[in-house]
Amino acid sequence: MPIRKIMVVDDSPTERAFMDNVLKKKGYEVVLVETGEAAIERAKADKPDLILMDVVMPGLNGFQATRAITRDEATKHIPVIICTTKDQETDKIWGLRQGAKDYVTKPVNEAELLDKIRALG
């Protein structure tokens, strides 16, 4: 399934703007979301082809939101790539155990991120 619509989940307006710019430049439709709770609801409503998930957010963190999305019948088909400043190997392993398909650390390398998106498409 080609990836056309990407949901970006990040509580930082700067990060959302950066990702929005990078993805729209490459022709992707982008949905911007600020919280883990909103990501779960919007994933069901907007049916994105991919979710880029921050981890450190107020309320539901990205690991919790990823687990909820990847275990829900309505959204479990949507791949999640975690994009976070948490760069420890244990964080990466934990993120993948929550159902994420890949893991990228910030600051995000634009070429690396786009390669990972293409690999999932």
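Below are the figures for this structure:
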read-out: Residues being buried (at least 22 other Cβ atoms within 10 Å of the Cβ) and among the small types (Gly, Ala, Ser) - total across region 17-75; value: 5
read-out: Enumeration of residues in region 39-67 that are in contact with a Leu (Cβ under 9 Å, 6 or more places away or on another chain) and closer than 12 Å to VAL9 by Cβ; value: ALA39, ILE40, LEU50, LEU52
read-out: Residues of region 80-117 satisfying the condition of being under 22 Å from PRO48 (Cα atoms), assigned to a helix (DSSP H, G or I) and either without any contact (Cβ under 8 Å) to a residue 24 or more places away in the chain or in contact with a Gly (Cβ under 7 Å, 6 or more places away or on another chain) (or both); value: LEU96, ARG97, ALA111, GLU112, ASP115
read-out: Yes/no for LYS92 being under 11 Å from the mean Cα position of the chain (by Cα), at pLDDT 95 or above and basic (Lys, Arg); value: no
read-out: THR90 vs. criteria among the hydroxyl-bearing types (Ser, Thr, Tyr), farther than 12 Å from MET7 by Cα and surrounded by 18 or more Cβ atoms within 10 Å (Cβ to Cβ); value: no
read-out: Meets criteria (out of contact with any Gly (no Cβ under 6 Å at 6 or more places or on another chain) and on the phi < 0 side of the Ramachandran plot) for LYS47; value: no
read-out: Filtered residue count, region 1-32, keeping only those that are among the hydrophobic types (A, V, I, L, M, F, W, C) and over 20 Å from ILE78 (Cα atoms); value: 3
read-out: Any helices (runs of 4 or more DSSP H) falling wholly within region 1-79 and containing at least 3 residues that are hydrophobic (A, V, I, L, M, F, W, C) and free of Cβ contacts under 8 Å to residues at least 40 places away in the same chain; value: 36-46, 62-71
read-out: Those residues of region 2-43 which are touching a strand residue (DSSP E or B) at 6+ places or on another chain (Cβ under 6 Å) and hydrophobic (A, V, I, L, M, F, W, C), in sequence order; value: ILE3, ILE6, MET7, VAL8, VAL9, MET19, LEU23, VAL30, VAL31, LEU32, VAL33, ALA39
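The values are calculated or read from the model by the stated rules, or taken from the named source; none is laboratory data. On a predicted model such as this, the values are computed, not experimentally measured, just so you know. Cβ sites come from the backbone with ideal geometry, for glycine too, and all protein chains shown count toward neighbours.
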